[in-house]
Amino acid sequence: KEGCWSTNHTDEERKAARAQFLSACHFAGTQPPADFSVHIAQYEGSEQTSQYTLGGWRDEDDDDSEQQHFTAAYVDHQSFKEQCLADQAFLHHISGDDIYGKGTPSTPASQFLIEDCYTRSVYKGILPDTGAANVSTVGREQYLALTREDPTVTMDTSTAGKASIKFGKGSVTASIGTAQVPTKIGKIDFEVLDAPTPFLLCLADMDRLKVYFNNTTDELVQGNARTPVIRKWGHPWFHLNKREQATVFLTETELRRLHRRFGHPAVMRLAKLLKDAGHSDVEEKTLKEITRFCHHCQLNSSAPRRFKFTLKDDRYFNYEILADVMYLGSKPVLHVVDSSTAFQGAKFLSAMSAKETWQALRTLWIDTYQGPPDILMHNAGTNFASAEFRAEAKIMGVTCKQVPTEAHWSVGKTERYHAPLRRAWDIL
């Protein structure tokens with residue numbers, strides 16, 4: 001207020017205010033000022049600048065090491081969400097459990113209060129409760145849990161007794177104060193009760209804020225704004241604690257950071273990791289855009305690929321065959337492969353003569369299937385290149401084509417099929 005300077009307060013009060021300010025910055029995820037005394041000077045005015053270097057804003061041994069401590073704490077806070085996500089992914093990988101599963105809760109909702117679920121140890125979030133028609137309420141323990149998460153939330157005790165609430169057939173409970181909680185849908189006034197209850201958002205406040213709960217998409221809808229909601233123990237929750245927010249809701253900035261921290265993984269791999277960790281609402285389109293504009297991914301990724309195919313002339317079975325002689329256990333074998341269908345056959349040769357090779361070809365292929373082929377492709381072996389073999393082939397209308405010496409790629413299909421044939425022989 002006007003005329004009230006920070007130097008009018010004691011050193012203990014200024015130290016407490018400084019600690020509360022830094023805690024609020026840490027909760028909101030904002031960078032604290034590099035020099036707190038300069039921040040105070042800019043906020044209150046330059047007339048008091050010379051007084052801010054007193055011991056009220058700095059400890060007696062305050063030096064660069066303290067500032068480094070707060071900077072390190074801020075960096076740790078930035079990696080907090082990645083740690084939570086890794087924990088949930090590891091838990092899901094080991095146990096297969098989904099802590100936010102939408103199945104039937106194992107514990108009836110009526111037993112939550114008996115088990116003292118809503119204590120000051122962990123802040124649970126805000127539960128939209130259309131059954132609470134007039135007043136939004138919260139138990140004292142959950143209010144204290146929220147103040148640990150957000151120190152800026154305070155309770156106005158001057159409104160004590162303003163509301164009287166009755167749960168079921170129990171007795172009437174009077175409020176002990178009012179706490180105003182800022183949320184994504186607006187500021188909400190909760191009547192604090194001395195009862196073990198969570199934050200309950202009443203129907204009247206939902207009407208005032210013009211917000212409704214869409215249970216089909218698990219969202220709070222407020223005009224064009226959408227606030228994600230998760231289900232725990234069979235109830236919808238929003239405005240969660242920091243750890244749950246880290247494992248449930250991810251912004252584009254957080255997705256970019258995860259993309260870097262996990263080593264620039266592929267889109268499908270990162271999407272699967274996030275879904276295993278409970279993030280079923282992550283869009284692959286967003287991950288593709290992040291990968292597309294990532295500097296390191298652009299430099300180190302493979303070149304864009306396109307679908308390739310080769311148009312070949314129409315071929316039919318037995319139009320062209322490839323013949324070659326191989327050895328199995330020191331014995332010659334005639335190996336024949338159809339060029340179009342890769343259908344193949346083999347037969348041992350009693351000798352490496354042209355006559356024996358032609359007789360084996362007739363027995364193996366010509367007399368067994370659809371007669372003589374149109375083209376016979378063979379290597380430069382003497383049994384295939386001899387005049388006797390070519391004369392027999394010419395009589396049956398077969399055109400023999402000899403590949404050049406050491407040009408094994410011309411009959412590569414036959415050469416490739418030697419390996420499985422030799423392996424089958426070794427097994428037999």
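The values are calculated or read from the model by the stated rules, or taken from the named source; none is laboratory data. Every value quoted in this text rests on a predicted model; they were computed, and no experiment measured them. Here Cβ is always computed from backbone atoms with ideal geometry, including for glycine, and neighbour counts include all displayed protein chains. Heavy atoms of the whole protein, side chains included, go into the accessibility calculation; ligands, DNA and RNA do not. Shrake-Rupley method; radii C 1.70, N 1.55, O 1.52, S 1.80 Å.
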* Asked: Got a sec? Which helices (runs of 4 or more DSSP H) wholly within segment 267-306 have at least 1 residues that are farther than 30 Å from T217 by Cβ, open to solvent by less than 70 Å² (accessible area, probe 1.4 Å) and not charged (D, E, K, R)?
  -> 295-300
* If we scan segment 117-130, do we find a residue that is among the aromatic types (F, W, Y), buried (at least 21 other Cβ atoms within 10 Å of the Cβ) and assigned to a loop (DSSP other than H, G, I, E, B)? -> yes
* Structure fact -> In segment 331-345, anything surrounded by fewer than 17 Cβ atoms within 10 Å (Cβ to Cβ) and either among the basic types (K, R) or in contact (Cβ under 8 Å) with a residue 40 or more places away in the chain (or both) is listed as K331, A342
* Could you list, in sequence order, all residues of segment 353-398 that are of a type in the set (S, T, N, Q) and more than 25 Å from F343 (Cβ to Cβ)? => S353, T382, S386
* Asked: In segment 217-227, what count of residues is obtained for those that are more than 19 Å from D205 (Cβ to Cβ) and within 25 Å of the chain's Cα centre (by Cα)?
  -> 2
* Can you spot a residue in segment 201-219 that is open to solvent by less than 50 Å² (accessible area, probe 1.4 Å) and more than 19 Å from T137 (Cβ to Cβ)? -> yes
* For M326, state whether it is in contact (Cβ under 8 Å) with a residue 60 or more places away in the chain, farther than 30 Å from L311 by Cβ and among the hydrophobic types (A, V, I, L, M, F, W, C). => yes
* Structure fact -> Of the residues in segment 131-150, those that are open to solvent by less than 30 Å² (accessible area, probe 1.4 Å) and at pLDDT below 85 come to A132, D150
* Among the residues of segment 234-281, how many are farther than 22 Å from F213 by Cβ and modelled with pLDDT of 75 or more? -> 25
* To do: Among what's in segment 151-164 and is of a type in the set (V, I, T) and open to solvent by 30 Å² or more (accessible area, probe 1.4 Å), pick the residue that is nearest to A204 (Cα to Cα).
  => T159
* Elements of type strands (runs of 3 or more DSSP E) contained in segment 180-232, each with 1 or more residues being over 21 Å from M155 (Cα atoms) and out of contact with any Asp or Glu (no Cβ under 6 Å at 6 or more places or on another chain) -> 212-214, 219-222, 225-228, 230-232
